[in-house]
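The values are calculated or read from the model by the stated rules, or taken from the named source; none is laboratory data. Predicted, not measured: the structure shown is a model, and the values here were computed from it. When we count neighbours, we look across all protein chains shown, and the Cβ atoms used for this are built from the backbone with ideal geometry, even at glycine.
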Ligand code: FSX
């Protein structure tokens, strides 16, 4: 019962066979296999099904949302967002609910001027259940929805034809009356996506499972799991002309996703340009830098100081951090409201945002093989730089008058010995070097420039003169 080219899905996961050659995408082949569907839920027959009239999520929120400024600007008053859940741990949903720039609540309530309010159909956050849960998606398939829609996929797409061979499914997302004689049957995330993606204003993959296949698509998986862009194919374009948008991370940073959604909505509304995406459909402004470039531990790398145990404060490369070669903004953005995030919390980067994750990042918690050359160089350079910086740091941790008195008048410093002769000479040399550049632009002696130490002692009493002014 497997569809044509079924083996090719496995090939994409690196099992050594030739790459996909079929002209049709896996999504198109699935639809060929399943055939067209028709029919909507008959709620007259079904009754309320636990949901009283007017109490679906959209209509509950509508009175507040419509009072917001967003509803009065732009051609789109609202947009439906269908969120489907494939092979995932639901971590993407958890991330997004913690986002604040913007928050889900503000998008649902239409509080952003110029943005259409979002009508979210989500397997966890939507409060409709039973046939009410899938009713809007069925209307969208039938072309009967009252506004444009976008789709979001969390988790990878499983090859459901494999499960069908034994009569089951991998990732069911509600039901639709598409069975024999209008009977309700399970609709998988794969089927929803295949049917809705062509008409969607945008198709957005959230999390590494959806963007690149991720953990469910790693070596040895039995599901034939794949990413959204592998599933829809290279030729895919949304109804607004967009290829698949990818916001990776396992889980992703919630703000990365919500911010991207907001930027796309501004574009769809005609209020902004198409946000810049890189050649893999990632928001370029979020994934253009490596983890290492903004890492809070980056300076340890520069000084050749490496953690050997979890819990050490230094650079984590030698206990398995791939940050220098991974595109992600976790170190600058943190996980939630600029708090947390892997390296900030002491965890090495395992490359979870990357298309090669996880297979190309194994074994975990081991020094990445390519890092040896740069860590050795850092160690060599660091062995010179660190003592020099320590020396200067010690000098800068003293007031000028403490140098003149040869004493630090701090109760905390009683045990601290004064610099010896060698250090003292070194500090004088350093100070002279620094001040050799200390001239004003007009050539005059700059205000506040200090005189040499020897000139600041009273010639008769040999006592140190107060302040920095020349006598
Ligand atoms: Fe995947 Fe989402 Fe990893 Fe989980 O649901 S991106 S397993 S942390 O979060 O799909």
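Residue 163 falls short on exactly one of the conditions (1) surrounded by 23 or more Cβ atoms within 10 Å (Cβ to Cβ); (2) assigned to a helix (DSSP H, G or I), and that condition is (1).
For (1) within 16 Å of the ligand (Cβ to nearest atom); (2) under 21 Å from residue 356 (Cα atoms), each residue gets a yes or a no:
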| site | (1), (2) |
| --- | --- |
| 208 | yes, yes |
| 240 | no, no |
| 244 | yes, yes |
| 284 | no, yes |
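Looking at 59, 33, just one residue is surrounded by 14 or more Cβ atoms within 10 Å (Cβ to Cβ), under 30 Å from residue 179 (Cα atoms) and modelled with pLDDT of 65 or more, and that residue is 33.
Of the residues that sit in the stretch 141-175 and are in contact with a helix residue (DSSP H, G or I) (Cβ under 6 Å, 6 or more places away or on another chain) and under 30 Å from residue 75 (Cα atoms), which one is farthest from the ligand (Cβ to nearest atom)? The extreme case among them is 145. In the stretch 231-250, the residue that is surrounded by the fewest Cβ atoms within 10 Å (Cβ to Cβ) out of those that are in contact (Cβ under 8 Å) with a residue 60 or more places away in the chain and outside any loop (DSSP other than H, G, I, E, B) is 232.
Selection of helices (runs of 4 or more DSSP H) fully inside the stretch 28-98 by the criterion of at least 2 residues being within 16 Å of the ligand (Cβ to nearest atom) returns 91-97. Taken as a whole, the stretch 176-196 holds at least one residue that is surrounded by fewer than 23 Cβ atoms within 10 Å (Cβ to Cβ), away from the ligand (no atom under 16 Å from the Cβ) and within 20 Å of residue 261 (Cα to Cα).
Take the conditions within 25 Å of residue 221 (Cβ to Cβ), in the same structural domain as residue 261 (by TED's automatic domain parsing) and not in a helix (DSSP H, G or I) and apply them to residue 194. Does it pass? When the stated conditions are applied, residue 194 does not pass them.
Is it the case that the stretch 114-128 has a residue that's farther than 27 Å from residue 252 by Cβ and over 24 Å from the mean Cα position of the chain (by Cα)? Scanning the stretch 114-128 turns up no residue that is farther than 27 Å from residue 252 by Cβ and over 24 Å from the mean Cα position of the chain (by Cα). Scan the stretch 263-275 and give yes if some residue there is closer than 28 Å to residue 129 by Cα and away from the ligand (no atom under 16 Å from the Cβ), otherwise no. The answer is yes; a qualifying residue exists. Scan the stretch 120-135 and give yes if some residue there is under 20 Å from residue 228 (Cα atoms), part of a loop (DSSP other than H, G, I, E, B) and touching a strand residue (DSSP E or B) at 6+ places or on another chain (Cβ under 8 Å), otherwise no. Yes: the stretch 120-135 contains one or more residues that are under 20 Å from residue 228 (Cα atoms), part of a loop (DSSP other than H, G, I, E, B) and touching a strand residue (DSSP E or B) at 6+ places or on another chain (Cβ under 8 Å).
Just checking, which of 326, 317, 350 is modelled with pLDDT of 95 or more, within 28 Å of residue 100 (Cα to Cα) and touching a strand residue (DSSP E or B) at 6+ places or on another chain (Cβ under 8 Å)? Can you show your working first?
Working: 317 fails: within 28 Å of residue 100 (Cα to Cα); 350 fails: touching a strand residue (DSSP E or B) at 6+ places or on another chain (Cβ under 8 Å).
Result of the check over 326, 317, 350: 326.
Could we say that residue 304 is crowded, with 17+ Cβ neighbours inside 10 Å, touching a strand residue (DSSP E or B) at 6+ places or on another chain (Cβ under 6 Å), in a loop (DSSP other than H, G, I, E, B) and touching a residue at least 24 places away in the same chain (Cβ under 8 Å) here?
Numbers: crowded, with 17+ Cβ neighbours inside 10 Å: yes; touching a strand residue (DSSP E or B) at 6+ places or on another chain (Cβ under 6 Å): no; in a loop (DSSP other than H, G, I, E, B): yes; touching a residue at least 24 places away in the same chain (Cβ under 8 Å): yes.
No; evaluated as a whole, the condition is false for this residue.
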